[in-house]
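The values are calculated or read from the model by the stated rules, or taken from the named source; none is laboratory data. In this text the structure is predicted, and so the values were computed from the model without any measurement. Note: ideal-geometry Cβ built from the backbone for every residue, glycine included; neighbour counts use all protein chains shown.
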Amino acid sequence: MLGVGVPSFQALARMNQPPSPDALALARHAAVSWIQEALKEHFTLARALHLASERPWAGTLYAAPTLERWYYQFRARGFTAVQRQARKDKGTRKALSPEAGHALLALRRQHPQLKIKVLVRQLLDQGTLHAGTFSLPSVYRFLAEHGLDTRSIKRQPQLNLPLTGGPTRPSSVRWPMSCG
C-alpha cells in the first residue's frame, strides 16, 4: 500500500497509456452530446465549443476547432464519424529512391551540423531529390533509421561539430541573404 491519494505503479502505467479506440470514441461522443445540449440551452456554437474545450474528455482537453470538427462529423455521419478511422496510407510511405537515400546519407555524414531541411533543399537544388516524390517526415524517419537524426548525432561525439576552428558551413550550400 502506497498511501491514501498516491497512485500505485499499475495506475501510473495505465495513466500513460493512450485510451482504447472505443474509449476515445465514447469520449468524443460525450463531447459532441454535451455541445448539442448546450445548443439546446440557447448557447451559440462558438460559446458551446469554448466551454467544451475547457472540460476534460476522457482526461484530455481538446481545442475548440477539434471539437467543432467532431460536432460536424457527428451531425453528418453519426457515431461512426467519431470513431478512430485507420489511416488510408497506413503501412505505406513515400520511400526515397536508393540514389536519393545514398546522397542524403553522404551529405548528412559530411555535414552533420546542418539542419535536415537545409540538406533536403540542397539535394532538391542538385536534382537528386524531386519535389512530390518524398515527404519531410519520411526523410526524418530515414535518417533516424540510419542513426543520423539530430538526436542521434548529438549522442555521437565523432559526428558532432568541431568545438574550435574550421568552417561552420560548407561552401556548396546556398544560404538566403537578408535584405535589411
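Below is a table of values for the structure above.
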quantity: Enumeration of residues in the range 106-153 that are under 23 Å from the mean Cα position of the chain (by Cα), in a helix (DSSP H, G or I) and of a type in the set (D, E, K, R); calculated: Arg108, Lys117, Arg121, Arg141, Glu145, Arg151
quantity: Entirely in the range 34-84, the helices (runs of 4 or more DSSP H) that have 2 or more residues that are among the hydroxyl-bearing types (Ser, Thr, Tyr) and under 24 Å from Ser20 (Cα atoms); calculated: 64-77
quantity: Residue, modelled with the lowest pLDDT, within the range 123-144, restricted to residues that are out of contact with any helix residue (DSSP H, G or I) (no Cβ under 8 Å at 6 or more places or on another chain) and either basic (Lys, Arg) or loosely packed, with under 10 Cβ neighbours inside 10 Å (or both); calculated: Gly132
quantity: Every pair of residues 6+ apart whose Cβ atoms lie under 6 Å, when the first sits in the range 129-141 and is under 15 Å from Arg108 (Cβ atoms) while the second is of a type outside the set (Phe, Trp, Tyr) and in a loop (DSSP other than H, G, I, E, B); calculated: Phe134/Lys94; Phe134/Leu96; Ser138/Arg93; Ser138/Lys94
